[in-house]
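These notes concern the structure reproduced below.
The values are calculated or read from the model by the stated rules, or taken from the named source; none is laboratory data. Note that the structure is a prediction, hence the values are computed from the model and not measured. Quick reminder, even Gly has a Cβ in these numbers, built from the backbone with ideal geometry, and neighbours come from all protein chains shown.
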Amino acid sequence: MTVRFDVFISCRKTDDEGRSTRDSLLARNVYDFLNARGVRAFLAEESLLTMGQAEYKKAIDEVLDHVPVLVVVATSPKNLESRWVRYEWDSFYNDILGGVKRGSLLSYLDGVDVKALPRTLRQNQAIQHSEGALQILFSHISAALGLTQVEDMTRSGQAAVDRLDRLTEVMAESRLLELEITSGMFGTMFSPDQRARMHRQMESLKSILNERSSQQGAPADADELRR
């Protein structure tokens, strides 16, 4: 799968007798609500229902690897412990704890006491289904997605700054090398004042390059930078 999603919705689709659960109906409401507001929500039954077990798990893992928010929907504590639901929210949160990713884990509940939740879910935000609750859920998701976007922009901005700094450094190195060659080959052709100005420029460039190399933990000698 190449589509990137904002939110992974996890729920138990069928009970032990193969009947649709209330969880799946509630999850569908969450899915429709979020998508109507521009949030790219993932619900397995929409695209993965016809896949075999091996393909299903692979697709689930790929979405979990990239999605920044997971919402687990449940109407009973038992359904939270079902095979796939437990796998989804547990592996998602373990990636957060392990530093593999940054993300937010939310629970959307109907008829489930927070005290009955597994410890991991108790430690994260839980929202009880009621009038206006979907909007509250949307607010939490928007805040989480906004933080992720800011972090992405910060990383991208820092990368651009780093590239600009390196370009400036390369230009300084090139200018220093040019002055050194000019001084060595044609120095006698310049007046004493011109040679003094050239020497000051070379010393200034060396000072700048040495300062940058010191900040980066690189060799302090500007001559080393050009080797």
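Here are the numbers for this structure:
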| item | result |
| --- | --- |
| Qualifying residue in the stretch 133-156 (condition: at pLDDT below 70, of a type in the set (Asp, Glu), surrounded by 10 or more Cβ atoms within 10 Å (Cβ to Cβ) and closer than 30 Å to Leu205 by Cα) | no |
| Qualifying residue in the stretch 17-33 (condition: under 17 Å from Ile136 (Cβ atoms), assigned to a strand (DSSP E or B), free of Cβ contacts under 8 Å to residues at least 60 places away in the same chain and within 24 Å of the chain's Cα centre (by Cα)) | no |
| Out of Asp110, Asp15, Asp61, sole residue that is at pLDDT 95 or above and either in contact with a Ser or Thr (Cβ under 8 Å, 6 or more places away or on another chain) or not aromatic (Phe, Trp, Tyr) (or both) | Asp110 |
| Top-ranked residue in the stretch 118-130 [being in contact with a Leu (Cβ under 8 Å, 6 or more places away or on another chain) and outside any loop (DSSP other than H, G, I, E, B); ranked as farthest from Leu25 (Cα to Cα)] | Thr120 |
| Qualifying residue in the stretch 86-97 (condition: in contact (Cβ under 8 Å) with a residue 60 or more places away in the chain, of a type outside the set (Phe, Trp, Tyr) and either touching a strand residue (DSSP E or B) at 6+ places or on another chain (Cβ under 8 Å) or loosely packed, with under 12 Cβ neighbours inside 10 Å (or both)) | yes |
| Which listed residue, of Glu81, Glu55, Glu88, is more than 26 Å from Ala133 (Cα to Cα) and not basic (Lys, Arg) | Glu55 |
| Residue check for Lys115: without any contact (Cβ under 8 Å) to a residue 12 or more places away in the chain and either closer than 20 Å to Lys13 by Cα or in a strand (DSSP E or B) (or both) | no |
| Number of positions in the stretch 76-100 that are outside any helix (DSSP H, G or I) and over 22 Å from Tyr56 (Cβ atoms) | 3 |
